[in-house]
1. For residues in region 65-85 being among the polar types (S, T, N, Q) and modelled with pLDDT under 90, which is surrounded by the fewest Cβ atoms within 10 Å (Cβ to Cβ)?
2. Take the residues in region 39-54 that are within 13 Å of the chain's Cα centre (by Cα) and not polar (S, T, N, Q), then tell me which one is nearest to Leu73 (Cα to Cα).
3. Name the residues in region 4-21 that are more than 11 Å from Val50 (Cα to Cα), at pLDDT 90 or above and in a strand (DSSP E or B), would you?
4. Do any residues in region 1-12 that are more than 17 Å from Thr36 (Cβ to Cβ) have Cβ atoms under 7 Å from those of residues that are surrounded by 14 or more Cβ atoms within 10 Å (Cβ to Cβ) and not aromatic (Phe, Trp, Tyr), where the two are at least six apart or on different chains, and which pairs are they?
5. If you scan region 26-59, which residues turn out to be part of a loop (DSSP other than H, G, I, E, B), surrounded by 16 or more Cβ atoms within 10 Å (Cβ to Cβ) and of a type in the set (A, V, I, L, M)?
6. Could you grab me the full set of residues in region 41-82 that are free of Cβ contacts under 8 Å to residues at least 12 places away in the same chain and of a type outside the set (A, V, I, L, M, F, W, C)?
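The values are calculated or read from the model by the stated rules, or taken from the named source; none is laboratory data. Being a predicted model, the structure only gives us computed values, none of them experimental. Glycine also receives a Cβ, built like all others from the backbone with ideal geometry; neighbour counts cover every protein chain displayed.
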Amino acid sequence: MNVEMVAVKIPERKIVILGVYRRPSRDFKCFMDKLTDVLQELSAFEKFNVILTKDFNVDFIEESDHRNQLLNLIESFGLHITTIETSRVTQFSATCINVITDLSSELSVTVTEELNFSDHRSQSFIC
């Protein structure tokens, strides 16, 4: 499996939250194709704010083809990244592989914080 996803629809808030995990060693094109299909399905919820979140295993800090392809896809659905803070920090590196997107950065606040029991920092959002 290239990607794992889960979606939660919150009708009273007009929000759909899509959580995504991409395995780092799997085929990136297959991941992009699957994510495109799911985002197209979610675009049917026209009056809903789609929030895309979690571990893409693509570093949003470093310039790369994978980063640019994913950013282009995100932006093509009218989504915006709400934070580009380091989300995975080790003694050797600091990367931003977990991001949160929504339709408008004015709709939510994103906070990144250290949990001390994971190799990823926690990201919370308030909408």
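1. Within region 65-85, the subset among the polar types (S, T, N, Q) is 68-69, 72, 76, 82-83.
Now narrow it down to the ones that are modelled with pLDDT under 90: 82-83.
Working: Thr82: 21, Thr83: 19.
Checked region 65-85; the qualifying residue surrounded by the fewest Cβ atoms within 10 Å (Cβ to Cβ) is Thr83.
2. To start, the set of residues in region 39-54 that are within 13 Å of the chain's Cα centre (by Cα) comprises 39, 50-54.
Next, from what is left, pick out any that are not polar (S, T, N, Q): 39, 50-52, 54.
On the way: Leu39: 9, Val50: 14, Ile51: 14, Leu52: 12, Lys54: 16 Å.
Looking at the filtered set, the residue picked out is Leu39.
3. Glu4, Met5, Val6, Val20
4. Every condition considered, the pairs that remain are Val6/Gly19; Val8/Ile17; Lys9/Val16.
5. Residues of region 26-59 that are part of a loop (DSSP other than H, G, I, E, B), as a first pass: 26-27, 43-48, 56-59.
Imposing the further condition that a residue be surrounded by 16 or more Cβ atoms within 10 Å (Cβ to Cβ) reduces the set to 48, 56-59.
Residue satisfying the conditions is Val58 alone.
6. Going through region 41-82, the residues free of Cβ contacts under 8 Å to residues at least 12 places away in the same chain turn out to be 41, 44, 46, 63-65, 67-68, 71-72, 75-76.
Matches in region 41-82: Glu41, Glu46, Glu63, Ser64, Asp65, Arg67, Asn68, Asn72, Glu75, Ser76.
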